[in-house]
Amino acid sequence: MKSVRAAAAVLFAILGLSASSFVHAQATRTWVSGVGDDANPCSRTAPCKTFAGAISKTAAGGEIDALDPGGYGTLTITKPITVEGTGTLASGLGSGVNGFIVNITTGTNRNVVLRNISSDGSGTTLGTNGVRFIAGDSLTVENCSFEQYSGHGIDFAPNSLARLIVINSTITQAGSFGINVLPVVGGTARVSIHNSTISRNANGIRVQDSSNVSIVNSNVTNNTTDGVFANSVLAAGLVVVVEGSEITHNSGIGLRAVRRNCAADRDQRGEPHQRLSPRVKDGGRSLGRRIRTASSICHHPLVVEGQAA
């Protein structure tokens, strides 16, 4: 009899452990709703209320989907994830904080996708950055909008090789740069900006050191200072390509390239210079115009093709 009771106790313990593991299992896809509750399992029929509530119940490489229009808050991302708002208005207020932080320090395929998300830093204290990227392999921002942040719309500061892809997105009213590409020591940035609008920020786009950036079919307009600012500080590799884009009505310089710490820095004509600031007046267009400057030591050309003003 004692043996039977002992066996039963062990069986119940195992079943209890299994049930507990089942309850805490993470789903590949989770859901949020404006009328959800973060105490829910984040299923389709019992959704969570916030992105932050859903991510802990979503497996690495999984997806958080918004069921209906709602304010889903801010989110710190520490594992590969897709946050998806297609078909509805998935938004978040980031007053006083970052809208999204991407900081994935371990593992492989450290990829993050933000799609169809609206993030607003409005409030008594403006939000810091729309997206702050610290560590990961890639960040894709598609059909998103970021506005009213005191810092940057997107602050991309990788500590290793990382890629940023911005597609069909709008960044406006950032207090510093709409998009700031500034790798930290040991970091390298590969950035593609397509069909996007960076407008009415203090500055449009800054690219600095160890970065290769293409800006294609995009509008960088009506920013308070410069449109595109390529800034070489450490004489590290820096390439910026602007193609088929419109850079207009910026109060400072449309396309500014500044070089520092470059020995024997010369343009294509062999003339030495430390600063290149191509200024094209508002309203001017240059179809097929191509400007290239390069240094054999600094390796950071600025290429402009298509419509630049």
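Nothing in this text is a laboratory measurement; each read-out follows from the coordinates by a stated rule. Nothing here was measured: the structure is a model prediction, and the numbers come from that model. Glycine also receives a Cβ, built like all others from the backbone with ideal geometry; neighbour counts cover every protein chain displayed.
For region 30-109, which trypsin sites (Lys or Arg not before Pro) are in a loop by DSSP, counting at most 14 other Cβ atoms within 10 Å?
Qualifying residues, ordered by number: Arg44.
What are the semi-axes of the equivalent ellipsoid for region 145-192, taken as the square roots of 5 times the Cα gyration tensor eigenvalues, largest first, in whole Å?
21, 13, 5
Hey, what did region 82-219 get for relative contact order, percent, Cα under 8 Å, at least 6 apart?
Relative contact order of region 82-219: 18 percent.
In nm, what is the difference between 0.36 nm times the number of residues separating Leu234 and Thr76 and their Cα-Cα distance? Working shown, then result.
Numbers: separation 158, 0.36 × 158 = 56.88 nm, distance 3.05 nm.
Between Leu234 and Thr76, full extension yields an extra 53.8 nm.
Could you give the distance between the Cα centres of region 197-252 and region 69-134, to the whole Å?
Cα centres, region 197-252 to region 69-134: 23 Å.
In nm, what is the difference between 0.36 nm times the number of residues separating Gln26 and Thr124 and their Cα-Cα distance? Write down the numbers at each step before the final one.
On the way: separation 98, 0.36 × 98 = 35.28 nm, distance 3.64 nm.
Length gained, Gln26 through Thr124: 31.6 nm.
Mind listing the Cα extents of region 111-193 along all three principal axes, in Å, largest one first?
So the three principal-axis extents are 36, 25, 16 Å.
For region 151-255, what is the relative contact order in percent, using Cα pairs closer than 8 Å and at least 6 residues apart in sequence?
Taking the mean separation of contacting Cα pairs over the length of region 151-255, I get 23 percent.
How would Leu238, Leu182, Leu67 line up from fewest to most surrounding beta-carbon atoms within 10 angstrom?
Neighbour counts put them in this order, fewest first: Leu67, Leu182, Leu238.
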